[in-house]
1. With +1 on each Lys and Arg Cβ and -1 on each Asp and Glu Cβ, how big is the dipole of segment 19-103 about its Cα centre, in debye rounded to the nearest 20?
2. What does the extension gain come out to for Glu46 and Ala31, with contour length at 0.36 nm per residue minus their alpha carbon separation?
3. Can you give me the long-range amide H partners of Ile22? Hydrogens built in the peptide plane at 1.01 Å from N, cutoff under 5 Å, separation of 5 or more residues or another chain.
Amino acid sequence: MSANPEGMTNVPSHGAGSPMRIHLSDERREAILRSLTDFYLDRFDEELSAYRAKELLDFFMKALGPAVYNQAIQDTRGFMLEKLEDLDAEFYEEEGPPPRPGA
């Protein structure tokens, strides 16, 4: 797994053979790294070097990224199917015979 200059983290997929790309903007990545170092200091009373924080983030992206991504897809699919099922009930228009001319 590697990160490129655009903040993309390549996480190997288990399917088509090409890496699943999880995009973290530079700002988001830096915010997560700051949060991780703050958490480490707060919980373990030790400073976490920038290198170790990056390595931990890369590890968790690789270990958890695909599972979280796939769960989000499943949750979204369920939400969308529920909304599609509601479509008929929400927007159904009663049909009757066509109006008669002059009526």
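1. Roughly 480 debye, rounded to the nearest 20.
2. 3.5 nm
3. Thr9, Val11
Every number in this text was worked out from the coordinates using simple rules, so none of it is lab data. Just so you know, these numbers come straight off a predicted model, no measurement behind them. Cβ sites come from the backbone with ideal geometry, for glycine too, and all protein chains shown count toward neighbours.
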